[in-house]
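Novice: Just dropping this structure here.
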Amino acid sequence: MYVERVSVTEKAAAVIDQLRQQHGDLMFHQSGGCCDGSSPMCFAKDDFLVGSRDLLLGEVHGCSFYMASDQFEYYKNMHVMIDVTQGRGSSFSLEIPLGLRFMSISRIFTDDELANLRPLEVC
Amino acid sequence: MSFQKPDFKPQYENYIGGEWVAPADGDYFENTSPIDGSVIARVPRSNANDIDMAVKAAWKAADAWGKVPASERCNILFRIAARIEENQELLAVAETWDNGKAVRETMAADIPLAVDHFRYFGSVIRAEAGQVADIDAGTVSMEIHEPLGVVGQIIPWNFPILMATWKLAPALAAGNCVVLKPAEQTPVSILMLAEIIADLLPAGVLNIVNGFGPEAGKPLATHPDIKKVAFTGETTTGRLIMQYASENLIPVTLELGGKSPNIFFESVMAEDDNFLDKAIEGLVLFAFNQGEVCTCPSRALIQESIYEEFMARCLKRIEAIQMGDPLELTTMMGAQASNDQYEKILNYIDVGKQEGAEVLIGGEAYQNETYPNGYYVKPTVFKGNNKMRIFQEEIFGPVLSVTTFKDEAEAMEIANDTLYGLGAGVWTRDVHQMQTFTRGIQAGRIWCNCYHAYPAGASFGGYKKSGIGRENHKMMLGHYRHTKNVLMSYDKNPLGFF
């Protein structure tokens with residue numbers, strides 16, 4: 001069994017279920033930069049064009065989770081858990097109209113975990 | 001002194017074709033204030049139908065507006081500037097309620113800068129002209145500017161009125177009609193601005209459609225009748241905006257933030273004078289606008305020979321940052337713009353602690369006694385190294401990451417070791433050193449012995465992943481118009497080919 005790089009809280013999974021009913025299959029892409037950056041963005045599966053250098057970090061509740069490879073350099077040793085909070089981010093992320101915002105909670109992997117991480121997939 | 005809450009209307013509408021129009025589906029959302037979490041007003045939750053109506057209204061006005069002489073467009077922009085100036089206090093206080101930032105800043109920076117920005121673009125559109133070249137004795141080439149028509153603009157929430165102005169002023173000056181979507185956290189101040197200036201523009205030239213990114217922003221960015229999109233925000237949405245623009249083969253300008261280095265060389269401490277005092281303030285400017293600035297000097301690089309003494313003096317200045325009621329002129333830092341922003345900042349403070357960075361000051365939320373339900377974070381300084389996430393990712397909060405360097409080579413390496421390139425600060429008494437760094441740093445704006453100045457007429461934009469385009473300068477006009485080449489022959493003779 002590999003150690004996963006990404007996971008999701010029950011609360012966030014419930015929001016994913018709710019959004020999936022409305023929009024079909026979903027995906028996440030971790031954003032960088034200003035304003036609402038440094039947060040996970042949730043899109044309908046085919047709405048965001050995944051780039052040839054984006055990395056697939058894993059699946060969360062049936063959704064692929066991607067990150068730009070240069071940004072991933074700084075996440076190599078971190079587990080990312082998708083959570084959700086009240087709030088009004090402005091972006092094209094699908095949960096915004098619900099008055100909710102997905103967020104990334106990070107945790108540094110232990111040495112044991114680092115030795116057994118799921119291999120990354122290049123898109 | 002403290003300022004009274006403005007008389008916000010209980011409900012605002014979209015501004016389309018010179019009229020205040022209810023959203024097609026009759027839906028609204030609540031706009032809350034980060035100062036105390038209270039509801040300010042209800043704002044339209046628009047969708048593709050409203051965007052479509054606005055784009056149509058804009059095109060109806062586009063032909064006539066594009067033909068208004070530059071002299072008249074100049075006059076109109078000057079009138080807009082004067083009207084904003086007359087209403088400075090109202091708009092500044094509204095901005096503070098909408099965004100959370102201290103009124104000290106909205107009175108001194110946001111609104112006066114917006115006024116000057118309209119005047120700048122009014123001035124340059126009057127003064128500039130196309131180009132003419134003699135190609136040969138019988139041929140003259142004319143480069144003539146024509147507006148794009150209707151453009152879409154998506155505004156961020158950190159300086160709502162000023163960022164709307166940065167986009168509106170060049171677009172209007174160049175003769176375009178605009179469909180503008182304010183950020184959903186901060187729509188009301190822009191709507192109040194529109195109420196104040198509405199009568200100065202012909203109907204349909206300025207259209208404002210409110211709503212959420214996926215519901216209103218996306219239909220605007222993908223609309224086949226929009227000729228350009230301007231966006232300020234983050235990288236994933238920036239990519240999405242480019243992707244949408246590729247469907248219609250239209251240009252975009254993007255401003256996507258940064259992780260700006262602020263470099264302090266040992267010569268700043270050569271004397272204990274006003275310049276040293278200025279440099280200390282220059283470091284503390286990370287707390288300006290609660291750190292919610294794309295060019296926040298969020299990485300301080302300090303030469304090791306002066307680190308202890310310089311940092312001790314900076315920390316004393318940071319300790320003196322006055323928090324409290326954003327509506328008091330003495331308050332230096334207000335609320336973060338939204339709950340999720342507040343939570344994100346606290347998460348990053350946790351990441352910094354996990355990464356082993358040392359908290360030199362702050363490192364937690366601020367309990368505001370006046371507004372216990374607002375979103376306040378203490379100014380926070382970490383000491384760590386440039387490979388940490390808190391040195392590489394934009395936190396968009398009052399969080400400074402400090403590291404040291406030995407010599408120029410190391411300073412340059414750290415400064416450029418970032419995915420972004422929006423701003424940078426260099427502090428030194430050595431002009432040669434300054435020159436080396438102004439040219440060596442890969443960023444669109446290098447502040448030399450100053451920081452966070454945004455005068456109209458000084459271009460602003462990014463290298464690397466910080467974006468495309470240069471705002472705040474007349475060159476932005478080029479992003480809002482076509483160049484038409486008219487090639488005129490005065491030669492009566494045929495070519496002789498056929």
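The values are calculated or read from the model by the stated rules, or taken from the named source; none is laboratory data. Not measured: the values here are computed from a predicted model. Counting neighbours? That spans all protein chains shown, and the Cβs are built from the backbone with ideal geometry, glycine included. In case anyone asks, the SASA skips ligands and DNA or RNA and just uses the protein heavy atoms, side chains included. Shrake-Rupley method; radii C 1.70, N 1.55, O 1.52, S 1.80 Å.
Novice: Taking only the stretch B:1-24 into account, find how many residues are open to solvent by less than 20 Å² (accessible area, probe 1.4 Å), farther than 27 Å from residue B:289 by Cα and part of a loop (DSSP other than H, G, I, E, B).
Specialist: Within the stretch B:1-24, residues that are open to solvent by less than 20 Å² (accessible area, probe 1.4 Å), farther than 27 Å from residue B:289 by Cα and part of a loop (DSSP other than H, G, I, E, B) number 1.
Novice: Would you check if there is a residue in the stretch B:376-384 being under 24 Å from residue A:70 (Cβ atoms) and not β-branched (Val, Ile, Thr)?
Specialist: Looking through the stretch B:376-384, at least one residue is under 24 Å from residue A:70 (Cβ atoms) and not β-branched (Val, Ile, Thr).
Novice: Give me a count of the residues in the stretch B:381-393 that are under 18 Å from residue B:333 (Cβ atoms) and within 23 Å of the chain's Cα centre (by Cα).
Specialist: Of the residues in that region, 0 qualify.
Novice: Among the residues of the stretch B:478-489, count how many are of a type in the set (A, V, I, L, M) and crowded, with 20+ Cβ neighbours inside 10 Å.
Specialist: 0
Novice: What are the residues in the stretch B:220-231 that are closer than 20 Å to residue B:59 by Cβ and buried (at least 24 other Cβ atoms within 10 Å of the Cβ), if any?
Specialist: Listed by number, the residues that qualify are B:220, B:221, B:226, B:229, B:230.
Novice: Residue check, residue B:415 against (1) within 14 Å of another protein chain (Cβ to nearest Cβ); (2) part of a helix (DSSP H, G or I); (3) crowded, with 22+ Cβ neighbours inside 10 Å, all met but one. Which one?
Specialist: The one condition residue B:415 does not meet is (1).
Novice: While we're looking at this one, here's another question. Take residue B:424 and decide whether it is open to solvent by 10 Å² or more (accessible area, probe 1.4 Å) and either farther than 17 Å from residue B:387 by Cβ or in contact with a Ser or Thr (Cβ under 7 Å, 6 or more places away or on another chain) (or both).
Specialist: No.
Novice: May I pose another question? Go through (1) touching a residue at least 24 places away in the same chain (Cβ under 8 Å); (2) under 27 Å from the mean Cα position of the chain (by Cα) and name the single condition residue B:365 misses.
Specialist: (1)
Novice: Select from the stretch A:27-46 the residues that are among the hydrophobic types (A, V, I, L, M, F, W, C) and within 10 Å of chain B (Cβ to nearest Cβ) and list them in ascending order.
Specialist: A:28, A:34, A:35, A:41, A:42, A:43, A:44
Novice: Would you mind telling me which numbered condition in (1) within 14 Å of chain A (Cβ to nearest Cβ); (2) among the hydrophobic types (A, V, I, L, M, F, W, C); (3) under 22 Å from the mean Cα position of the chain (by Cα) residue B:351 fails?
Specialist: The single condition residue B:351 does not satisfy is (3).
Novice: What do you reckon, is residue A:88 at the interface with chain B (Cβ under 7 Å from one of its Cβ atoms) and either crowded, with 19+ Cβ neighbours inside 10 Å or farther than 25 Å from residue B:33 by Cα (or both)?
Specialist: Criteria met by residue A:88.
Novice: Looking at the stretch B:133-161 only, could you name the residues that are open to solvent by 10 Å² or more (accessible area, probe 1.4 Å) and within 16 Å of residue B:472 (Cβ to Cβ)?
Specialist: B:159
Novice: Quick check: anything in the stretch B:239-252 in a loop (DSSP other than H, G, I, E, B), within 30 Å of residue B:482 (Cβ to Cβ) and within 14 Å of chain A (Cβ to nearest Cβ)?
Specialist: Scanning the stretch B:239-252 turns up no residue that is in a loop (DSSP other than H, G, I, E, B), within 30 Å of residue B:482 (Cβ to Cβ) and within 14 Å of chain A (Cβ to nearest Cβ).
Novice: Scan the stretch B:25-62 for residues that are open to solvent by 60 Å² or more (accessible area, probe 1.4 Å) and more than 14 Å from chain A (Cβ to nearest Cβ) and jot them down.
Specialist: B:49, B:53, B:56, B:59, B:60
Novice: From the list B:346, B:360, pick out the single residue that is within 12 Å of chain A (Cβ to nearest Cβ) and either outside any loop (DSSP other than H, G, I, E, B) or open to solvent by 70 Å² or more (accessible area, probe 1.4 Å) (or both).
Specialist: Answer to the check: B:346.
Novice: Still on this structure, please answer the following. Is there a residue in the stretch A:52-62 that is aliphatic (A, V, I, L, M), open to solvent by less than 10 Å² (accessible area, probe 1.4 Å) and part of a strand (DSSP E or B)?
Specialist: yes
Novice: Can I ask one more? Among what's in the stretch A:91-117 and is facing chain B (nearest Cβ under 9 Å) and farther than 28 Å from residue B:221 by Cα, pick the residue that is surrounded by the fewest Cβ atoms within 10 Å (Cβ to Cβ).
Specialist: Restricting to residues being facing chain B (nearest Cβ under 9 Å) and farther than 28 Å from residue B:221 by Cα, the top hit is A:108.
Novice: A further question on this structure: Hey, among A:49, A:120, which residue is open to solvent by 30 Å² or more (accessible area, probe 1.4 Å), in contact with a helix residue (DSSP H, G or I) (Cβ under 9 Å, 6 or more places away or on another chain) and either at the interface with chain B (Cβ under 9 Å from one of its Cβ atoms) or modelled with pLDDT of 95 or more (or both)?
Specialist: Among A:49, A:120, only A:49 is open to solvent by 30 Å² or more (accessible area, probe 1.4 Å), in contact with a helix residue (DSSP H, G or I) (Cβ under 9 Å, 6 or more places away or on another chain) and either at the interface with chain B (Cβ under 9 Å from one of its Cβ atoms) or modelled with pLDDT of 95 or more (or both).
Novice: Shifting gears a bit: In the stretch B:253-294, what count of residues is obtained for those that are open to solvent by 10 Å² or more (accessible area, probe 1.4 Å), assigned to a helix (DSSP H, G or I) and in contact with an Asp or Glu (Cβ under 8 Å, 6 or more places away or on another chain)?
Specialist: Adding up the residues that qualify gives 3.
Novice: Kindly indicate whether residue A:66 is part of a loop (DSSP other than H, G, I, E, B) and within 11 Å of chain B (Cβ to nearest Cβ).
Specialist: no
Novice: Further question: I'd like to check something: does the stretch B:453-461 contain any residue that is surrounded by 15 or more Cβ atoms within 10 Å (Cβ to Cβ), of a type in the set (Gly, Ala, Ser) and part of a helix (DSSP H, G or I)?
Specialist: Within the stretch B:453-461 (the criterion being surrounded by 15 or more Cβ atoms within 10 Å (Cβ to Cβ), of a type in the set (Gly, Ala, Ser) and part of a helix (DSSP H, G or I)), the answer is no, since none of the residues qualifies.
Novice: Based on what the data block shows, is residue B:283 away from chain A (no Cβ under 14 Å) and either in contact with a Phe, Trp or Tyr (Cβ under 8 Å, 6 or more places away or on another chain) or of a type outside the set (A, V, I, L, M, F, W, C) (or both)?
Specialist: Spelling it out, residue B:283 is indeed away from chain A (no Cβ under 14 Å) and either in contact with a Phe, Trp or Tyr (Cβ under 8 Å, 6 or more places away or on another chain) or of a type outside the set (A, V, I, L, M, F, W, C) (or both).
Novice: For the stretch B:219-229, which positions are in contact (Cβ under 8 Å) with a residue 40 or more places away in the chain, out of contact with any Phe, Trp or Tyr (no Cβ under 6 Å at 6 or more places or on another chain) and either within 14 Å of another protein chain (Cβ to nearest Cβ) or not aliphatic (A, V, I, L, M) (or both)?
Specialist: B:219, B:220, B:223, B:225, B:227, B:228, B:229 - these are the residues of the stretch B:219-229 that are in contact (Cβ under 8 Å) with a residue 40 or more places away in the chain, out of contact with any Phe, Trp or Tyr (no Cβ under 6 Å at 6 or more places or on another chain) and either within 14 Å of another protein chain (Cβ to nearest Cβ) or not aliphatic (A, V, I, L, M) (or both).
Novice: Here is a list: B:130, B:66. Which entry is among the small types (Gly, Ala, Ser), loosely packed, with under 15 Cβ neighbours inside 10 Å and farther than 24 Å from residue B:460 by Cβ?
Specialist: Being among the small types (Gly, Ala, Ser), loosely packed, with under 15 Cβ neighbours inside 10 Å and farther than 24 Å from residue B:460 by Cβ holds for just one of B:130, B:66, which is B:130.
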